[in-house]
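As structure tokens, the structure follows; a few thoughts come after it.
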Number of protein chains: 2
Amino acid sequence: MITEIATLRIDPAKAEAFEAAVAAAKPYFQSSPGCHGMALEKVIETPGLYHLRVLWETVEAHTVTFRGSDNFQQWRALAGPFFVSPPDVVHAETAATFF
Amino acid sequence: MITEIATLRIDPAKAEAFEAAVAAAKPYFQSSPGCHGMALEKVIETPGLYHLRVLWETVEAHTVTFRGSDNFQQWRALAGPFFVSPPDVVHAETAATFF
């Protein structure tokens, strides 16, 4: 299992509508093969800065299967209009969970 | 509960020793008041790039209590020598956990 971490920047004045748009996109992630979890983090120091964290079985489940699917188009149709810059996306593996 | 996210950059050749140093620092976090979890993520695309994620009851439990304590000095003595640039630290709150 790996975690997609997408850093998303939006207009802080639109935070409520953006969070609702991400919530509305839940089924498009949940129905994507190999997708096992989805959470949204809000950075306290920087209004409008978010991390979308999505659990995938493999990097390719995100970058190939999801991005090549209609689910991705639906997600981008909902959330894309809020982005004030292109998302930065990385994938991470858990090195250790200590406690 | 909030999450400290520290972005740490090290020499990839020293990854094994760095991960051992973070593991050795576990008790200094675990014994700090208001600290409730600690995990290390490794970014797949960039060798040597890590996210240390630490759960705190409040931002101040990290920035005031922990950073003002001997526990912080012990952590930095273990991990600091590996850093190739100063850590970037933000704090995040969970906006939503969708599934």
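Read-outs throughout are calculated quantities, based only on the coordinates presented, and are distinct from any laboratory measurement. Keep in mind it's a predicted model, so treat the numbers as computed, not measured. Quick reminder, even Gly has a Cβ in these numbers, built from the backbone with ideal geometry, and neighbours come from all protein chains shown.
Being touching a residue at least 40 places away in the same chain (Cβ under 8 Å) and either under 13 Å from residue B:26 (Cβ atoms) or of a type in the set (Val, Ile, Thr) (or both) is the filter here; which residues of segment B:36-59 pass it? It would help to see each step written out before you state the result.
Of segment B:36-59, the ones touching a residue at least 40 places away in the same chain (Cβ under 8 Å) are B:49-59.
Those that are touching a residue at least 40 places away in the same chain (Cβ under 8 Å) and either under 13 Å from residue B:26 (Cβ atoms) or of a type in the set (Val, Ile, Thr) (or both): B:52, B:54, B:58, B:59.
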| remark: If you go through B:42, B:14, B:26, the only one that is closer than 19 Å to residue A:96 by Cβ and out of contact with any strand residue (DSSP E or B) (no Cβ under 8 Å at 6 or more places or on another chain) is B:14
| message | Here is a check on your reading of the model: is residue A:24 within 9 Å of chain B (Cβ to nearest Cβ), hydrophobic (A, V, I, L, M, F, W, C) and either surrounded by fewer than 19 Cβ atoms within 10 Å (Cβ to Cβ) or farther than 19 Å from residue A:71 by Cβ (or both)? | response | no
| task | Being touching a residue at least 60 places away in the same chain (Cβ under 8 Å) and surrounded by 14 or more Cβ atoms within 10 Å (Cβ to Cβ) is the filter; apply it to segment B:63-93 and report the residue that is nearest to residue B:13 (Cα to Cα). | result | B:82
| field | Those residues of segment B:44-99 which are within 10 Å of chain A (Cβ to nearest Cβ) and over 14 Å from the mean Cα position of the chain (by Cα), in sequence order | value | B:44, B:45, B:46, B:93, B:94, B:95, B:96, B:97, B:98, B:99
